[in-house]
């Protein structure tokens with residue numbers, strides 16, 4: 001069975017309570033609407049960046065590990081960010097990663113905080 005699965009072109013999926021796909025792995029680059037809803041439930045209905053309250057409908061679903069770097073399209077790699085904080089993460093040296101507590105955490109660039117202390121909302 002393992003050999004068959006290894007040789008087959010199978011994509012494992014994680015389903016939500018209503019059978020919707022929550023984990024697309026590497027099969028799709030873009031997050032689906034039901035994944036956005038799950039992220040909003042997990043992280044609050046606004047931009048997840050510490051101190052930001054921009055509502056979820058005005059946010060972008062961001063891959064913490066970029067798709068181009070092999071990051072999957074799943075809840076463990078996604079976070080909702082407003083356009084401003086999405087740009088901040090991409091162009092100003094901030095790093096977003098999944099914390100051990102199951103929620104994203106933020107590491108500032110050295111020029112902002114030389115000790116690079118982790119921030120959590």
Restricting attention to segment 102-120, which residues are part of a loop (DSSP other than H, G, I, E, B), in contact with a strand residue (DSSP E or B) (Cβ under 8 Å, 6 or more places away or on another chain) and touching a residue at least 60 places away in the same chain (Cβ under 8 Å)? 120
When the residues of segment 57-101 are filtered to those that are part of a loop (DSSP other than H, G, I, E, B) and in contact (Cβ under 8 Å) with a residue 40 or more places away in the chain, which remaining residue is nearest to residue 42 (Cα to Cα)? 74
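Yes/no matrix, rows are residues, columns are (1) surrounded by 12 or more Cβ atoms within 10 Å (Cβ to Cβ); (2) at pLDDT below 90; (3) touching a helix residue (DSSP H, G or I) at 6+ places or on another chain (Cβ under 9 Å):
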{"position": "7", "(1), (2), (3)": "no, yes, no"}
{"position": "39", "(1), (2), (3)": "yes, no, yes"}
{"position": "51", "(1), (2), (3)": "no, no, no"}
{"position": "56", "(1), (2), (3)": "yes, no, yes"}
{"position": "69", "(1), (2), (3)": "no, no, no"}
{"position": "72", "(1), (2), (3)": "yes, no, no"}
{"position": "78", "(1), (2), (3)": "yes, no, yes"}
{"position": "81", "(1), (2), (3)": "yes, no, yes"}
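The values are calculated or read from the model by the stated rules, or taken from the named source; none is laboratory data. Note that the coordinates shown come from a computational prediction; the quantities given were computed from them, not determined experimentally. Backbone-built Cβ (ideal geometry, glycine too); neighbour counts: all protein chains shown.
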